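Peer 1: Sharing a structure, written as structure tokens. Questions coming.
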Amino acid sequence: MNQSELIEQLIAKHRGVNPADVGLAVKTLVEILAQALSTGQRIEIRGFGSFNLRYRPSRFGRNPRTGARVSIPARYIPAFRAGKELRERVNRQLEIYPATSRVKRYASD
């Protein structure tokens, strides 16, 4: 699901709300979450999960084309950890619909 699909589902579920307001609310929420992460804050939504930053130290890698050694700088990456309620709900749904709900991880699957 992408952002526009989320907005469409929210509009369908809450018919009395102005569609422009729904779109603005979703975009504002995403912006607030991104701003909080960019300032190093941890975000926790009870029952859903938490977003935080993980530090990746600098390291050396290889240029796949030339094989030359390349320095990769240290960085922070956003990470999501699903909450207990979300994990349990997903697992219950996968038990009910096992064949159609599986997500392919690799093209070879």
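Please treat every number below as a calculation from the coordinates, not as lab data. Computed from a predicted structure; not experimentally measured. All Cβ positions, even for glycine, are placed from backbone atoms using ideal geometry, and neighbour counts span all protein chains on display.
Peer 1: Please find, among Leu29, Leu37, the residue that is closer than 30 Å to Leu10 by Cβ and in contact (Cβ under 8 Å) with a residue 12 or more places away in the chain. So that I can check it myself, show each step before the final result.
Peer 2: Working: Leu29 fails: in contact (Cβ under 8 Å) with a residue 12 or more places away in the chain.
None of the other options fit; the residue is Leu37.
Peer 1: Restricting to the stretch 1-41, what's the tally of residues that are touching a strand residue (DSSP E or B) at 6+ places or on another chain (Cβ under 7 Å) and of a type outside the set (A, V, I, L, M)?
Peer 2: The total comes to 1.
Peer 1: Take the residues of the stretch 14-65 that are assigned to a strand (DSSP E or B), of a type outside the set (D, E, K, R) and over 16 Å from the mean Cα position of the chain (by Cα): which is nearest to Gln3 (Cα to Cα)?
Peer 2: Tyr55
Peer 1: Residue under question is Ile7, and the condition is that it be surrounded by 12 or more Cβ atoms within 10 Å (Cβ to Cβ), in contact with a Phe, Trp or Tyr (Cβ under 6 Å, 6 or more places away or on another chain) and of a type in the set (A, V, I, L, M); does it hold?
Peer 2: Working: surrounded by 12 or more Cβ atoms within 10 Å (Cβ to Cβ): yes; in contact with a Phe, Trp or Tyr (Cβ under 6 Å, 6 or more places away or on another chain): no; of a type in the set (A, V, I, L, M): yes.
In short, no.
Peer 1: Let me ask something else. In the stretch 21-46, how many are exposed (fewer than 10 other Cβ atoms within 10 Å of the Cβ) and among the small types (Gly, Ala, Ser)?
Peer 2: So the first thing to find is which residues in the stretch 21-46 are exposed (fewer than 10 other Cβ atoms within 10 Å of the Cβ), and the list is 39-40, 46.
With the extra rule that they be among the small types (Gly, Ala, Ser), the set shrinks to 40.
Residues that pass the stated criteria total 1.
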